[in-house]
Ligand code: G3H
């Protein structure tokens, strides 16, 4: 019955947090691989968790992807009356749909909460040479300062191969990702199952080493197919991380115990 199911999910949440070594896990019923609507449930759970963290003034830095898109949609139903919300993209533009870019997600989040947003109109991947030039650009530098001073990080976790494809990764990097047996990706870092970084894209946005400095970090990723990706990334995640996921991913991760 429902009560048993709820108790079961709470137990699994505790188990999963311990297994991944993070502060908190929220599991929504279902598997977003099988039912795309479940991704929206992850979005809703993530939006509710975010709402509980809000202060009077909030700077929230956000990555891209379809899961973050679901969070943006869910923010429409969250009451943020009297709260100042500023959304800042945590990374530049990756390949793929415009609607999945951090810039677009931040714009949607601002619209759905009556807040404001900034843009980061740069490619996610930049050479060292280009980065030093871009950093001299006041508009870019301002956004990067805002990313670093954010109160909350909201991010997705991707499957390594899917993300490598989305990025139109060059042959040499693809080789590293494949030979290194990367399974997960976040913030331009590719991780193997043990959490080792096997490849890092030189990006202009948020870096993994910056993460522990933030007050709150919420990761949202679900679906059985993302189990390995979640596990690999969480070996590098700050302990304070809150993971919002679904039963499909959770069951698969716990099976590996
Ligand atoms: O950073 C990770 C990826 O952007 C996740 O994308 O939510 O569309 O799977 P996704």
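The values are calculated or read from the model by the stated rules, or taken from the named source; none is laboratory data. Because the structure is a prediction, the values reported are computed rather than measured. Ideal geometry is used to build each Cβ from the backbone, glycine not excepted, and the neighbour counts take in all protein chains shown.
For residues in region 46-61 being closer than 20 Å to residue 25 by Cβ and crowded, with 22+ Cβ neighbours inside 10 Å, which is nearest to the ligand (Cβ to nearest atom)? Explain how you work it out, then say what you get.
In the first step, residues of region 46-61 are kept if they are closer than 20 Å to residue 25 by Cβ; the result is 46-53.
So of that shortlist, the ones also crowded, with 22+ Cβ neighbours inside 10 Å come out as 46-47, 50.
Details: 46: 11, 47: 15, 50: 16 Å.
Result: 46.
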Restricting region 111-123 to residues that are more than 23 Å from residue 137 (Cα to Cα) and in contact with a helix residue (DSSP H, G or I) (Cβ under 9 Å, 6 or more places away or on another chain), the one surrounded by the fewest Cβ atoms within 10 Å (Cβ to Cβ) turns out to be 111
Over region 222-239, the set of residues closer than 26 Å to residue 54 by Cβ and in contact with a strand residue (DSSP E or B) (Cβ under 6 Å, 6 or more places away or on another chain) is 222, 233, 238
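Is region 6-19 home to any residue that is within 20 Å of residue 150 (Cα to Cα) and in contact with a strand residue (DSSP E or B) (Cβ under 9 Å, 6 or more places away or on another chain)?
Let us first name the residues in region 6-19 that are within 20 Å of residue 150 (Cα to Cα), namely none.
No, region 6-19 contains no residue that is within 20 Å of residue 150 (Cα to Cα) and in contact with a strand residue (DSSP E or B) (Cβ under 9 Å, 6 or more places away or on another chain).
Could you go through region 79-91 and let me know if any residue there is within 13 Å of the ligand (Cβ to nearest atom), modelled with pLDDT under 95 and surrounded by 15 or more Cβ atoms within 10 Å (Cβ to Cβ).
Within region 79-91, the subset within 13 Å of the ligand (Cβ to nearest atom) is 89-91.
Filter again for modelled with pLDDT under 95, leaving 91.
This time we only want the ones that are surrounded by 15 or more Cβ atoms within 10 Å (Cβ to Cβ), so: 91.
Yes, region 79-91 contains at least one residue that is within 13 Å of the ligand (Cβ to nearest atom), modelled with pLDDT under 95 and surrounded by 15 or more Cβ atoms within 10 Å (Cβ to Cβ).
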From the residues in region 207-221 that are in a helix (DSSP H, G or I) and away from the ligand (no atom under 13 Å from the Cβ), which one is surrounded by the fewest Cβ atoms within 10 Å (Cβ to Cβ)?
209
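Restricting attention to region 179-192, which residues are within 18 Å of the chain's Cα centre (by Cα) and free of Cβ contacts under 8 Å to residues at least 60 places away in the same chain? Talk me through it step by step, then tell me what you get.
We begin by selecting, within region 179-192, every residue within 18 Å of the chain's Cα centre (by Cα); these are 182-192.
Those that are within 18 Å of the chain's Cα centre (by Cα) and free of Cβ contacts under 8 Å to residues at least 60 places away in the same chain: 182, 183, 184, 185, 189, 190, 191, 192.
With the requirement that a residue be in contact with a strand residue (DSSP E or B) (Cβ under 7 Å, 6 or more places away or on another chain) and either free of Cβ contacts under 8 Å to residues at least 24 places away in the same chain or surrounded by 19 or more Cβ atoms within 10 Å (Cβ to Cβ) (or both), what does region 127-151 give you? Give the steps one after another, and end with the answer.
Let us first name the residues in region 127-151 that are in contact with a strand residue (DSSP E or B) (Cβ under 7 Å, 6 or more places away or on another chain), namely 143, 146-147, 149-151.
The answer is 143, 147, 150.
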For residue 92: the one exception among (1) touching a strand residue (DSSP E or B) at 6+ places or on another chain (Cβ under 6 Å); (2) over 25 Å from residue 142 (Cβ atoms):
(2)
How about region 222-257: which of its residues are crowded, with 24+ Cβ neighbours inside 10 Å, outside any helix (DSSP H, G or I) and over 12 Å from the mean Cα position of the chain (by Cα)?
223, 246
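Quick one: which residue in 50, 75 is closer than 18 Å to residue 241 by Cβ and in contact with a helix residue (DSSP H, G or I) (Cβ under 9 Å, 6 or more places away or on another chain)? Full working, then the answer.
On the way: 75 fails: closer than 18 Å to residue 241 by Cβ.
After applying the criteria, what remains is 50.
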